Each structure stands twice: as C-alpha cells, then as structure tokens.
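Novice: Following this message is one structure expressed as structure tokens.
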Amino acid sequence: MYEIVKSEKLTPDVIKLEIRAPNIARKAKAGQFIMVTPTEHGERIPLTMADFSPENGTVTIAALEVGKTTKELGKMKAGDKVFSLVGPLGLPTHLNQYGNVVSIGGGIGLALMYPVVRAFKQSGNHTINIIGARNEKLLMYEKEINTVSDEFFVCTDDGSKGHHGFVSDILKKLIAENKKIDLVYAVGPIIMMKVIANITKPFNIPTVVSLNPIMVDGTGMCGSCRVIIGGETKFGCVDGPEFDGHKVDFDNLTARNKRYIPEEQISLKRFQEAK
Ligand SMILES: Cc1cc2nc3c(=O)[nH]c(=O)nc-3n(C[C@H](O)[C@H](O)[C@H](O)COP(=O)(O)OP(=O)(O)OC[C@H]3O[C@@H](n4cnc5c(N)ncnc54)[C@H](O)[C@@H]3O)c2cc1C
Ligand code: FES
C-alpha cells in the first residue's frame, strides 16, 4: 500500500497525486511510467510520472479522469492508500546535448512534459517549449515548464490565452523563420503527435513522440501495447513509450486504442451506478 501525501485538482477533470514510494522515486527517470492499481480489486493502468523526488521519497502522477479507474483515482485524498504501484517502467527519455530542442505538449501531455523538458535543460540544451490546451482553464504546469524554458509559447484553441490556435502553428512558424531545430519532442493526443511528425518529416528534423497504447502488464509479456514502428511490431511498454515519430503508424495506434470502448463504457456505468 502506498500513502497519498498530497492530492490536488489541476483542472476539474485532472487529479494530481503525490504518493510515498521511496524505492520507485530513487530509480525514476524522465519519460518513464508506473502501473497504478488504485484498489485491491481494481484494474492496473499506466501513468507517466509527472514528477519524482528521491529526497522526499515521492512520485507524482496526474490523471485525466476519462473512465472507471482514473475516476476512482480522482476521488482519492491525502492519507488514502493506493493498493499497488509498479515501476519505474519503460525506457527513460534519451538525453543528449542536442542543441535547440523544441518540446511540444498538449492536454494531459503537459503534466508528463515537465520532467522531460527539465531533463533536456539540465543536459545543456536550449529549450523551446510550446504548450497548448483547449482553453486557459485546462492549461497545466505552465509555471513549472516556463522555469525550464529558454523560449516559451502558450496556445489555446479558443484564444483565451497566448496564441489563438494550435501548438503546431508555432512549430510551423519557427520552421518558416529558419530557426535551427535539432530535436522535436511531442507528447499529447495521438492526433497532435501525428500532425507534429508530419510537419517535421519533410525537413528531416528528428522527432520523438511519447505513445500511449493500451497496456495490461506493462512488462512486455501480454502484447496488448503492440505498436507499429517503421513496419515492425514493437511493445510500447518495454521498447518505448518514446519512439521515432516519423516511423510510427499513428492510424493503427488510434484504432487499437478504441478496441475496448464497449467494455470501458459498461465498467464506467457500473462504477457510477454503485456510488
Ligand atoms: C505509458 C503511458 C502513460 C500514460 N500516462 C498517462 C498520464 O500520465 N495521465 C493520464 O491521464 N493518462 C495517461 N495514460 C493513459 C491512461 O493509462 C488511460 O487514460 C487510462 O488507462 C484510462 O483508464 P480508465 O479506466 O480511467 O478509462 P477507460 O474506461 O479504460 O478508458 C476511457 C477512455 O480512455 C481511452 N483510453 C484508455 N486507455 C488509454 C490509453 N492507454 N491511452 C489513451 N487513451 C486511453 C479509452 O479509449 C476510452 O475512450 C498513459 C498511457 C500510457 C500507455
Ligand atoms: S503492456 Fe503487456 S506487453 Fe506491453
């Protein structure tokens, strides 16, 4: 059992939990995830670590409440205990002194982006960070990401803050201005990552994306998280979750992530009716 030290709502639908887990916090690296089982008879789901502190012995997760398990997490408060945490899992973000790194995050991807851009900065890169959400109220981690940015852009679909439009507009503008870009990193909705990869491909700008296939064990045994990368089958949990964006079959990932929708709807309905 893992004690929740702090619980906070980042937006009406996003819960942030800081959980005491010293063994995981000591080994965690940017870009890795953990498997979380909120209650004894619950389901295990993958969540990226939005932060980790070896000093405090805690890991932080941020979950968008979309279905039964994330809504279950959304009800948890400081002092409650999470049944099980497994990790850190997945390969950490590959860090290097690339030069100019443009990191792009959207929606819940913003929470996962923060430790990664912090690591890019600590590795000596010039960090250009572009964050976006549907509206100002859904922007997350703005202050934190700004503190590790050399250049920082905010976008909202409705124009309530920053650039009125998509994160991809700013990337297109930087490319049009002949900005030297050595790496693009994108995390967020599948469609956003697909658009970003399509923009950078003709310019041969190396592009890394953080994928979110449906996972069951998170350790390479079940095959649930199969993704197609450059025509080859890879497992998101052990070969990823980060991959070369120019090689990802995004349409296959989109289709596979929809495969349990009827069951997910039944599970959520039963959970809501049982309250
Ligand atoms: C490596 C990895 C890291 C992730 N990190 C985070 C994170 O930090 N924060 C966060 O909020 N979510 C994250 N996700 C997605 C998260 O695991 C799902 O949202 C969660 O499993 C949904 O469970 P549920 O029971 O609440 O909803 P379900 O009832 O299982 O699903 C509800 C809806 O969400 C969609 N969904 C289900 N699983 C996924 C998935 N794996 N990816 C995208 N959509 C999905 C379904 O298609 C459905 O429409 C991550 C996924 C992966 C693979
Ligand atoms: S989640 Fe089972 S193999 Fe990756």
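Novice: Can you tell me which residue among LEU73, LEU89 is within 16 Å of ligand 2 (Cβ to nearest atom) and either closer than 24 Å to PRO12 by Cβ or open to solvent by less than 40 Å² (accessible area, probe 1.4 Å) (or both)? Walk me through how you get there before you give the answer.
Specialist: Working: LEU73 fails: within 16 Å of ligand 2 (Cβ to nearest atom).
Every option except LEU89 fails the conditions.
Novice: For residues in segment 192-207 being touching a residue at least 12 places away in the same chain (Cβ under 8 Å) and open to solvent by 30 Å² or more (accessible area, probe 1.4 Å), which is farthest from ligand 1 (Cβ to nearest atom)?
Specialist: PHE203
Novice: Separate question: Do we have GLY106 as open to solvent by 10 Å² or more (accessible area, probe 1.4 Å) and small (Gly, Ala, Ser) here?
Specialist: Spelling it out, it is not the case that GLY106 is open to solvent by 10 Å² or more (accessible area, probe 1.4 Å) and small (Gly, Ala, Ser).
Novice: Can you find, within segment 227-242, the residue that is farthest from ligand 2 (Cβ to nearest atom) among those that are under 30 Å from LYS179 (Cα atoms) and either among the polar types (S, T, N, Q) or out of contact with any helix residue (DSSP H, G or I) (no Cβ under 8 Å at 6 or more places or on another chain) (or both)?
Specialist: Taking segment 227-242 and keeping what is under 30 Å from LYS179 (Cα atoms), we get 229-230, 240-242.
Narrowing further to those that are either among the polar types (S, T, N, Q) or out of contact with any helix residue (DSSP H, G or I) (no Cβ under 8 Å at 6 or more places or on another chain) (or both): 230, 240-242.
Details: GLY230: 18, GLY240: 9, PRO241: 10, GLU242: 14 Å.
The extreme case among them is GLY230.
Novice: Then there is this: In the set SER224, SER267, SER210, which member is within 11 Å of ligand 1 (Cβ to nearest atom), open to solvent by less than 50 Å² (accessible area, probe 1.4 Å), out of contact with any helix residue (DSSP H, G or I) (no Cβ under 6 Å at 6 or more places or on another chain) and over 30 Å from VAL101 (Cβ atoms)?
Specialist: Just a single option satisfies the conditions, and that option is SER224.
Novice: Restricted to segment 227-245, and to residues that are within 12 Å of ligand 1 (Cβ to nearest atom) and part of a loop (DSSP other than H, G, I, E, B), which residue is farthest from ILE261 (Cα to Cα)?
Specialist: GLY240
Novice: When you check MET192 against the structure, is it touching a Pro at 6+ places or on another chain (Cβ under 7 Å) and either in a loop (DSSP other than H, G, I, E, B) or not aromatic (Phe, Trp, Tyr) (or both), yes or no?
Specialist: no
Novice: Please name all residue pairs, on different chains or six or more residues apart, with Cβ atoms under 6 Å, provided the first residue is in segment 212-233 and is closer than 16 Å to ALA255 by Cα and the second residue is away from ligand 1 (no atom under 13 Å from the Cβ) and open to solvent by 70 Å² or more (accessible area, probe 1.4 Å).
Specialist: Between residues of segment 212-233 that are closer than 16 Å to ALA255 by Cα and residues that are away from ligand 1 (no atom under 13 Å from the Cβ) and open to solvent by 70 Å² or more (accessible area, probe 1.4 Å), the close pairs are ARG226/THR233; ILE229/LYS247.
Novice: Please tell me if LYS68 is surrounded by fewer than 17 Cβ atoms within 10 Å (Cβ to Cβ) and of a type in the set (Lys, Arg). Quick ask: steps written out before the conclusion?
Specialist: Numbers: surrounded by fewer than 17 Cβ atoms within 10 Å (Cβ to Cβ): no; of a type in the set (Lys, Arg): yes.
When the stated conditions are applied, LYS68 does not pass them.
The values are calculated or read from the model by the stated rules, or taken from the named source; none is laboratory data. All values derive from a computational prediction rather than experimental measurement. Please note: Cβ atoms are built from the backbone with ideal geometry, for glycine as well, and neighbour counts cover all protein chains shown. When the accessible area is computed, the model is the full protein with side chains, heavy atoms only, and any ligands, DNA or RNA have been set aside. Shrake-Rupley method; radii C 1.70, N 1.55, O 1.52, S 1.80 Å.
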